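Everything on this sheet refers to the single structure shown next.
A short reminder: the numbers here are calculations on the coordinates, not readings from a lab. No experiment lies behind these values; they were computed from the predicted model shown. Because the Cβ atoms are built from the backbone with ideal geometry, glycine has one as well, and the counts that use them run over all protein chains shown.
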Amino acid sequence: MLKRSKSKARKWVCHRTCQMHTQSTGSQGPSFHVLRNVRKLSKLLEKTSSLGIDIIYSNLLKNSFGFLALNPTYIINSAPFYLDTFAMEVESGKTYLLRIINAALNDELFFAIAGHNFTVVEVDAVYTKPFTTEAILIAPGQTTNVLVQANQKPGRYFMAARPFNDAPIPVDNKTATGILQYKGIPNSLLPTLAQLPASNDSEFALNYNKKLRSLNSPKFPADVPQKVDRKLFYTIGFGKDSCPTCVNGTRLLATLNNISFVMPQTALLQAHYFNLKGVFKADFPDKPPKPFNYTGAPLTASLGTSRATRLSKIAFNSTIELVLQDTNLLTVESHPFHLHGYNFFVVGTGIGNFDPVKYPANYNLVDPIERNTAAVPTGGWTAIRFRADNPGVWFMHCHLELHTGWGLKTAFAVEDGPGPDQSVLPPPTDLPPC
């Protein structure tokens, strides 16, 4: 089910970001609307490997920690090597709108262009208060639109992207490159190198995300829920599961509130619509089974991890606050979480254990960023709010594909509303069975 966004930012909310591009010269819109000579270009940040996806997925599931030397390559617009490097020609004095997408499966990425600043104007199809930065941080599934002015000495300048990882786990630190090339400059000129944040620069990552703010203007208001009907607290962790055919006889599980999600054989939306029994249980816990020092010393003891298909039932039009807390169950790590069917507001984030008494007083309830994928920092927490006005079953998962495969996911079953347009539509008559 697609839903027209209420933020008036002229977009559709769906699994993959879809945007209706508009031309506007009104004074209430974001500042980049009135710029002239703006060229629109897309950048796709990807990760590829010489191995087939089936082989990669199978090996990751069998390996006890999932970290394999797969010899991946990061690429920009599908051009992996120096002789085939993607090049974008620009003209001096013009401004370019870059639409940047992170299509890498398992890596948050820094992205920068040598000698040029970015003005961030939009994330996940939602306008932002413009701000200037030397680099951006973008997680898998996220999109970022930036303005780049061709205001430097005509030449060739490297674009560069490389992983951000501040967790104590292995990371492939290769750098993808492209070239920003001024018109009339020969290909023989060596490009200027780009300066990226260090791969573990968590300070840059936190500060960058804090700069993201909604416009909250009369034309593009931020309809942030001020009161909350239901509060959810989900802990993110890892566990081990017995696996006789795996390395060391175990494989990793990823969990929310100690539950590793199991995909059913019947589609969840069909089971919800037809009230089918035995497909899932609507009893996902609102909080972990027992509190602990979530980000303390590494925890290896069993905390009752289970594998199950459990959903959370949500009342229609209720306001929800969800705090996602990273834990040191085996290891801490940053997790970009994506919610299908909705945009949400990121009202708070921090490092360490979330304090439900102290921290909500510092929430941004005026102009928090609105998006559909938000990062939970390594050893920290992120709080989001949204109004559950889109009925149906909506998947929520870590956008690191490896973690999703391990079970780091769940779903919200949002009940129908009373109005004629507030119910899930029946499936088409020719819908093929699973």
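Under 5 Å from the amide H of Lys313 lie the amide H atoms of Phe284, Ala413, each residue being 5 or more positions distant or on a separate chain, with H modelled from the backbone and absent for Pro and chain starts. Amide hydrogen proximity for Phe131: with H placed 1.01 Å from N in the peptide plane, the residues at 5 or more positions away or on another chain lying under 5 Å are Val120.
Looking at the square roots a ≥ b ≥ c of the eigenvalues of the Cα gyration tensor of segment 152-214, which shape do they give, rounded for a/c under 1.5, prolate if a/b is larger than b/c, or oblate? Note, shape of segment 152-214 comes out oblate.
Extension gain, Ala198 to Phe131: 0.36 nm times the residue separation minus the Cα-Cα distance gives 22.0 nm. Sorting Met159, Met88, Met263, Met396 by the number of Cβ atoms found within 10 Å of their own Cβ, with the fewest placed first, yields Met263, Met88, Met396, Met159.
Model label points for Leu431 and Lys227, set 7 angstrom from Cα along the Cα-to-Cβ axis, are 3.6 nm apart. With the charge dipole of segment 354-434 set up from +1 on Lys and Arg Cβ and -1 on Asp and Glu Cβ about the Cα centre, the Cα lying farthest toward the positive end among the listed residues Pro427, Phe386, Ala374 is that of Ala374.
Checking every one of the trypsin sites (Lys or Arg not before Pro) in segment 298-381 against DSSP loop status and a limit of 16 other Cβ atoms within 10 Å picks out Lys358. Listing Ser306, Ser312, Ser242 from fewest to most neighbouring C-beta atoms within 10 Å gives Ser242, Ser306, Ser312. With neighbours defined as other Cβ atoms within 10 Å of a residue's Cβ, the residues Thr143, Thr95 order from fewest to most as Thr95, Thr143.
Taking amide H as placed 1.01 Å from N in the peptide plane, the amide H of Ser423 sits under 5 Å from that of Gly417, each at least 5 places away or on another chain.
Does segment 364-429 come out rounded, prolate or oblate, given a ≥ b ≥ c as the square roots of the eigenvalues of its C-alpha gyration tensor, rounded meaning a/c under 1.5 and, failing that, prolate meaning a/b above b/c?
Oblate, because a/c is 1.5 or more while a/b does not exceed b/c.
The overall shape of segment 317-434 is oblate: from the C-alpha gyration tensor, with semi-axes ordered a ≥ b ≥ c, the ratio a/c is 1.5 or greater and a/b is no larger than b/c.
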